[in-house]
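Nothing in this text is a laboratory measurement; each read-out follows from the coordinates by a stated rule. From a predicted model like this one, the values you see are computed outputs, not experimental measurements. Cβ coordinates were reconstructed from backbone atoms using ideal geometry, including for glycine residues, and neighbour counts include every protein chain displayed.
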Amino acid sequence: MSIKKFDIQGLSNKQVIESRSKYGSNITKFEKPNIILESLKKFLQDPLIIILLLVSSSIYFITGKTADGIFLLFAILFVSLISLYQDTRSRNALEKLKAYSKPKCKVIRNGIITEIKTEEIVIGDSLLVEEGIVISADGWIVYSNDFSVNEAILTGESFPVHKDKTQNNNQIFQGTTVTSGMAIATISAIGIQTKLGKIGKSIEGIAEEKTALELKLNSFVQKMALIGLVVFLIVLALNYIKSQNVIDSLLKALTLALSILPEKFPSHLPLLWQLEHGE
């Protein structure tokens, strides 16, 4: 595409470096939760783990079955580390995929149209946007031709908005999509300083609410835990009446109660092994 008719030279290489040094890069950074802490939090909140870790292992150690107690703790730790490793790999793979699929954009620099990565845009750049392009930064229109933009991501309005440098509505915004024509805009805001970046920053601290399905599942798990408690007490009482052995009755009742809860970890195997061998 010839840019002679635009009469726009854009920034020089030196000006790009100076602008990047002063204003930074076009990267939107939000606070990311600590993966390890989040996984550990979920791990400790699991009712099955609480029962296994605090109750089952305690019974083994109290009754002198140190080997079984250590094996139980090792099994819980081993499986939780596997889950953490898989979760970390999945997150890292998604981050790499995002980096690989980052879009590029066209800017005018040194009087030449150049294609660069979106994060390399700097304040003062002359950004060229065309039909179908997702705009990468905020800016003021300096040239346009039958230019319209879908700003639903910002305003919720599904109809395209016509824009021109001669109108009051002569700005483009990051995240919006060009629906027709083309335009050249001088970049005025990048990264977190864009309109979309500020919206994202403002909602960053809002707590994530659970979905209806998650609420129903939590309710179901709580009911099953209550049923498991009732079964635990009944089996404990019946076994004690029959055997007069508190520890044996406790282990049998605990094992049966664990079988009612949704199984996530095979770490209750020591309990089953002891029952099978009649210890």
When 120, 151, 157, 209 are ranked with the fewest other C-beta atoms within 10 Å first, the list becomes 209, 157, 120, 151
Listed by chain and number, the residues whose amide H is under 5 Å from that of residue 131, excluding neighbours fewer than 5 places away on the same chain and using placed H, are 181
Set 117/201; 106/198; 163/210; 14/163; 216/252, cut-off 28 Å on Cα-Cα distance; pairs above it are 163/210; 14/163; 216/252
Most packed first (mean Cβ within 10 Å per residue), the peptides 109-117, 239-247 order as 109-117, 239-247
Length gained, residue 167-residue 28, 0.36 nm per residue minus C-alpha separation, equals 47.1 nm
Least to most buried among 224, 182, by other C-beta atoms within 10 Å and fewest first, runs 224, 182
